[in-house]
Structure formats: structure tokens, C-alpha cells
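One structure below.
The values are calculated or read from the model by the stated rules, or taken from the named source; none is laboratory data. Since the model is a prediction, treat every value here as computed from it, not as a measurement. In this analysis, Cβ positions are derived from the backbone assuming ideal geometry, glycine residues included, and neighbour counts consider all displayed protein chains.
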Amino acid sequence: MADKESLENILLLEMSRRNTDMVVDLISQKPELFDEIFLIFLRNEEPVSRRAAWVIDTYTIKRSELLAPYLPKILEKIRDFNHDGMKRHSLSMFAKSQLPCDDHLGILMNICFDWLLSPHEAVAAKVYCMEILYRISQIEPDLKKELADTIELRLSEEMPGVKNRGEKLLKRLYAEIEALKGK
């Protein structure tokens, strides 16, 4: 059976969907391994942590509730992640989870705005940041205008994936902002 050391060895075998699915299957059979894979992820060591992030992201697609106790720990570490894959998978985890409703929400919001405005962040990170910020704007409607302005500001300089997602979100935001004016 798998333990922490053998989990690490499996993760280091290769970076592939097949290998990721194999580790997901192991965790499905032994859910207590989820804590172990999460500790590997939080170490932020290349390449094993990034591969662990991919496993966690895949494993929690249908089990996003498992992420709740780990989200504050991800939030503590996320700015330390240098690899785009670590950022992408972390943001994906936030995008599919119930958003925090305490001080963590403000921290997450600031990170997402910073990364959305940065010319150096990857397309996937920016797309997830927009999605997370949009979800936060559903909780904090006063944020809708700021988010719309930020997306508009960046659109002319962004890659097609960010532009596409941004334009779709802008349509929704404009409609929601108009609806708020009517109240």
C-alpha cells in the first residue's frame, strides 16, 4: 500500500495524465492519503509539489468540499508559488470551492486583482482570477464595477483566452450593474 514516500516516488515517475489518475485512484481507495498528498503540495518543491497539485485538483473535481479545511493553508502559500502550474491548480481549487467568508476572502480578492493586473501572469491564472473575482462580486455586489473596470483595462493587452473570458464576464457584469442601478 502507498505511504508518503511511495506517493512521492509515484509522483516523480512521470508527469502524465495516466500517472495523475493512478494517484487519484490510490487516494480514492485510501482517503487518508489525501492529507499526505496535500503536505507534498504545500512543500512547494519542483516538480513533486506541482504534480501533487494536479492530483489534488483532479481528485477534488467532484469532491470540492474536501478542500475547505485546506484553503487557508493554500492562501498562506499561494504567493510563494513561482511555477505557473502551482498557481493554476491552486486557483482552480478556489474556483470550484465554497469561497471563504472571513478575512481570507479579502486576501484572496487582493491576490486575484494583483495577478489579473500583472502583465507577467499566465493566461490560465488570469482566467481563474476573473472567475474567482466574479464569484466574490456575487457576495459583495459593490465589487462588480471595480471588476468590470479592471477587466476592461486589461483586455487590449491580453492573450485571446483572457480576452474571451473577460468579454463574457463583462456582459454579465454590465447586466448585473444595470440591475443594481434599477433597485
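Which condition number does R18 fail, the rest of (1) within 30 Å of M109 (Cβ to Cβ); (2) among the charged types (D, E, K, R); (3) assigned to a helix (DSSP H, G or I) being met?
Checking R18 against (1) within 30 Å of M109 (Cβ to Cβ); (2) among the charged types (D, E, K, R); (3) assigned to a helix (DSSP H, G or I), the one that fails is (1).
Taking the condition of being hydroxyl-bearing (S, T, Y), over 19 Å from K73 (Cα atoms) and touching a Ser or Thr at 6+ places or on another chain (Cβ under 9 Å), how many residues in segment 1-60 meet it?
Final tally of qualifying residues: 1.
Restricting to segment 131-180, name every residue that is small (G, A, S), in contact (Cβ under 8 Å) with a residue 12 or more places away in the chain and touching a Lys or Arg at 6+ places or on another chain (Cβ under 9 Å).
S137, G161, G166
Within segment 152-181, which residues are more than 18 Å from the chain's Cα centre (by Cα) and β-branched (V, I, T)?
Across segment 152-181, the qualifying residue is only I177.
Considering only residues of segment 79-89 that are part of a helix (DSSP H, G or I) and either assigned by TED's automatic domain parsing to the domain that holds H120 or out of contact with any Phe, Trp or Tyr (no Cβ under 9 Å at 6 or more places or on another chain) (or both), which is surrounded by the fewest Cβ atoms within 10 Å (Cβ to Cβ)?
D80
Where residues in segment 25-78 are assigned to a helix (DSSP H, G or I) and without any contact (Cβ under 8 Å) to a residue 12 or more places away in the chain, which of them is nearest to the chain's Cα centre (by Cα)?
E76
Would it be correct to say that L7 is crowded, with 17+ Cβ neighbours inside 10 Å and farther than 19 Å from P69 by Cβ?
yes
For segment 148-170, indicate whether the set of residues that are in the same structural domain as L108 (by TED's automatic domain parsing), of a type in the set (V, I, T) and modelled with pLDDT of 95 or more is non-empty.
Yes: segment 148-170 contains one or more residues that are in the same structural domain as L108 (by TED's automatic domain parsing), of a type in the set (V, I, T) and modelled with pLDDT of 95 or more.
Out of all the residues in segment 165-176, is one or more within 28 Å of D103 (Cα to Cα) and in contact with an Asp or Glu (Cβ under 6 Å, 6 or more places away or on another chain)?
Within segment 165-176, none of the residues are within 28 Å of D103 (Cα to Cα) and in contact with an Asp or Glu (Cβ under 6 Å, 6 or more places away or on another chain).
Surrounded by fewer than 19 Cβ atoms within 10 Å (Cβ to Cβ), at pLDDT below 95 and part of a helix (DSSP H, G or I): does that describe L99?
When the stated conditions are applied, L99 does not pass them.
I'm trying to understand the selection: among the residues of segment 108-154, which are among the charged types (D, E, K, R) and farther than 19 Å from L71 by Cβ?
Matches in segment 108-154: E121, K126, D142, K144, K145, E146, D149, E152, R154.
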